[in-house]
Structure formats: C-alpha cells, structure tokens
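The values are calculated or read from the model by the stated rules, or taken from the named source; none is laboratory data. Just so it is clear, the structure is predicted and the values come from calculations on it, not from any experiment. Please note: Cβ atoms are built from the backbone with ideal geometry, for glycine as well, and neighbour counts cover all protein chains shown. Note: accessible area is taken over every heavy atom of the protein model, side chains too, but ligands, DNA and RNA are not part of it. Shrake-Rupley method; radii C 1.70, N 1.55, O 1.52, S 1.80 Å.
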Amino acid sequence: MMPVRTITLGLLVSLFVAAPSRASMMPPMEDTGDRVGGVTVITRLEAERLPEGRHDFYFRAGWRNTGAPIHVPVVVVRGAKDGKTLLLTAAVHGDELNGIAVLHRLLEKLDPKTLSGTVVAVPGLNQPGINANNRRFPVSAGGGSLVDLNRNFPGSVGESGSTSGRYLGALWQGLIRQNADFAVDIHTQTRGAAYPLFVFADFGNSTARAAAHTLGPDMIKNDAGQQGTLETSLMKEGIPAVTLEVGAPKQFQGELIDRAVWGLQNLMRAHRMVPGSVEQPPVKAIVGSNYTNVYADRGGIAVLHVGLKDAVKKGQDVATLYDAFGHEIRTYTAPHDGWVLAVATDPVREAGSMLVRILQ
Ligand SMILES: [Zn+2]
C-alpha cells in the first residue's frame, strides 16, 4: 500500500491537471462568427494568448443607427518570445491621421520571430469620426451632437449610457484594459493648427517619463493629464501611458511619421521587446510643464511672426491680425518666455481661436 501522503500529492496533481482555470478554458478572443473581407470579427481579445505571428481582426464596438455594426481594425503581432504587451492607438480623434500611417509602417517592420512580447495596434479607433471627417464621434440622439471620445474614457459599463459611451466601454472592457502593460496614444493638433513631434506625459510615473524621452520628440509637456483621456484612464489603472502628438491633422507628414516610427522602435528596444540597445534620440527635447495660448480676440486674418519650436521672449511679436480690407487690427505678443509649441496653420481665425501656443 502506498503511503497516504503520496496518494494525496498524486491526487492534488491530477486534480490540478484535470481542472484548468476558467480563464485558460476560454479562447483568446470572442469570435462573433462574422467575417468581413475574410477578417474575423471579435468582441473580446486577450492578445498574449494568441499564437506567434500577425493577426488582423475587426473589433465590433457597437452599431450605427442603421443597424450596421461598427468595426474597429485591430492588429496583433505576437512574438516568439515572452515579453511585455504594448498598446498603440491612433485616430481617437477622427481627423488626426498621421498615427494611422505610423502604425501601418511600424507593423510592416515587426518580425514575430525577433519580437519578445506582443504589440496590439488600433490604427483608427474612432471609426465613425474618420467616416465623418471629424475629430469627434457623431451622435444622432437628441437632434444630433459631436462627442470628443478623448474626454470620455473609459466609457460606460455594460448596456448603459449613450452610443459613444457604450462604444468606448466596449473597447475599454473588451480590448484596451487587458492588452496593455504600457501604451502610446497617437494624435495630432486639431484642424487649422499644427504641433511638432510632441509628447504629453506625467513625469510622476517613471515609465511614462522615460518613454517621453525615448520617443525622441521635439518637445514634451509634463502634466498630470486631463480627465477622460485614454492616457489618463490607463494611468489610473496603473498602466503607464503617454500621448504622442504627430504634427497636423488630415494629412500624412512623412518626416514626422518616420520619426514617430523610429521613436516607437526605440521605445520597444528600451523595453527589450525588439533586439538592440536603446539609442539617444537625434534631437534633445524641450521640456515644459505649462503652456499659454495666445487667442485671437476677434475674427480676422492672421499672419504669424514665429514658427514651431522657436524660442520666444516675453513681449515679442508672435502674430498680427488683419481685417477684411488688410488693415491691422492688433499685433499679439508672447505673454512669457518659452518655445512655440503649436501654431495656427489656417490664417482665417475666429474670435477665441488659438494663434500660438507657448510652452514654458
Ligand atoms: Zn487628438
């Protein structure tokens, strides 16, 4: 007869093998059974559990008022070796398109055989906004409105809330939250304005602070973030995240896109996801923790006297506003020393619109 102790241990081992955890019994994604152009439509994803290789999905994040589903493209590159999961999102604002090209180009360069960990890329998160050529998510209810998704993360929980809240909630709960050890959310300035390559980061988090520098931007703003942004919502969950601003909306800016791709590759080297040592960025970033907008105080035609990244002194002329006849209305000056972080690219300015943004 075997000693009781041995039998007990054997039983325990067989029980453990016979009863895997509930999580591991579930497939790595919830397949709706739908296929669009041959692409699998899912409503839940655990990217780390996918086999090595590249996987393209559509994530069903809701329905239009026509009854048609809204499909968000998701690309997973699962590496041959274990490592961190990097979440990359673009076009949370539907007219901020440089990030789509950044992700497409980065994905081309990733080789699952040399990748450690997982990249989850969402090249076009705000599909209704992209369709509508708009920064915001169009909502029909209540006579129609436009919702800024990047002020409303993490969306609503379960089957409640507005259509945009449910859209964000579906993405947050089914895709975003469980597929990020760290994250970069890619934006641009809004229409009629431009940024250089610029990062918003909360330096209170050492991983976010390091990421801001590793991405190699021209400028960085260190702040605690804004309520409802994807970056801040991830940080609240303990997931380090930064917002990467790549130039101007509604265009592809090749040089800035190339620099952003380099920055993301450098970030992946820093986190040992791809081979090679982290490199010193070619530009030294200007870091500030405040900025001031110089606004047009009435409508008019603006001529700027400064360009992106220029150093400015307090009292220096930054822009002149003209009336419809070309008569000068007013010349605006810098309210403090600093560097030009954003400029109006559209010379036709409404009262209250930004002319120049100065970082200090
Ligand atoms: Zn944006």
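Mind putting a number on the dipole of the stretch 29-286 about its Cα centre? Charges go on the C-beta only, +1 for Lys and Arg and -1 for Asp and Glu, and I need it in Debye to the nearest 20.
Values: 26 positive and 25 negative charges, 16 e Å.
Rounded to the nearest 20 debye, it is 80 debye.
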Connecting C-alpha atoms closer than 10 Å in a GNM of the chain, tell me which of Ala248, Ala80, Ala260 has the biggest fluctuation. Ala80
Whole-percent carbon and sulfur share, accessible surface of the chain, 1.4 Å: 53 percent
Listed pairs Lys81/Lys221; Lys84/Lys236; Lys113/Lys250; Lys221/Lys284; Lys250/Lys314; Lys84/Lys250 exceeding 23 Å between Cα atoms: Lys81/Lys221; Lys113/Lys250; Lys250/Lys314; Lys84/Lys250
How far apart, in nm, are two points set 7 Å out from the Cα along the Cα-to-Cβ line at Asn134 and at Arg151? 1.4 nm
Value of [θ]222 nm, deg cm²/dmol, for the chain, DSSP H segments ≥ 4, -39500 (n - 2.57) each, nearest 500: -6500 deg cm²/dmol
Can you find, among Pro51, Thr188, Asn98, the residue farthest towards the positive end of the dipole of the chain? Put +1 on the C-beta of Lys and Arg, -1 on that of Asp and Glu. Pro51
How much length would be gained if the chain were fully extended between Lys250 and Asn290, taking 0.36 nm per residue of separation minus their Cα-Cα distance, in nm to one decimal? 11.7 nm
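Roughly speaking, what is the stretch gain from Thr66 to Glu159, that is 0.36 nm per residue apart minus the C-alpha to C-alpha distance, in nm to one decimal? Provide the component values of the computation, followed by the final result.
Working: separation 93, 0.36 × 93 = 33.48 nm, distance 1.87 nm.
Between Thr66 and Glu159, full extension yields an extra 31.6 nm.
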Which of rounded, prolate or oblate describes the stretch 29-286 when judged by the alpha-carbon gyration tensor and an a/c cut-off of 1.5? oblate
Antiparallel bridges, percent of DSSP beta bridges restricted to the chain (to nearest 5): 65 percent
Leading residue at positive end of dipole, the chain (Cβ point charges), from Val199, Asn290, Phe153: Phe153
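Work out how much length Ala324 to Arg177 would gain on full extension: take 0.36 nm times their residue separation and subtract the Cα-Cα distance, in nm to one decimal. Before the final figure, lay out each step's value.
Numbers: separation 147, 0.36 × 147 = 52.92 nm, distance 5.08 nm.
Here the answer is 47.8 nm.
Under a point-charge model restricted to the Cβ atoms of Lys and Arg (+1) and Asp and Glu (-1), what is the dipole moment magnitude of the stretch 290-359 relative to its Cα centre, in debye to the nearest 20?
Details: 7 positive and 8 negative charges, 39 e Å.
Taking the Cα centre of the stretch 290-359 as origin, the dipole is about 180 debye.
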Connecting every pair of Cα atoms under 10 Å apart in the chain and solving the GNM, the largest mean-square fluctuation among Gln226, Gln178, Gln127 falls on Gln226
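List the DSSP H helices in the chain whose Cα atoms stretch 15 Å or more along the helix axis and whose mean Kyte-Doolittle hydropathy is at least 0.0.
Details: long enough: 4-18 (21 Å, 1.99); 98-109 (17 Å, 0.24); 254-270 (24 Å, 0.05).
Once both thresholds are applied, what remains is 4-18, 98-109, 254-270.
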Relative contact order of the chain: what whole-number percent is it, with Cα pairs under 8 angstrom and at least 6 residues apart? 13 percent
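Of Glu52, Glu350, which has the most accessible area with a 1.4 Å probe, and how do the rest follow in descending order? Walk me through the intermediate numbers first.
Details: Glu52 100, Glu350 140 Å².
Output order, biggest surface exposure first: Glu350, Glu52.
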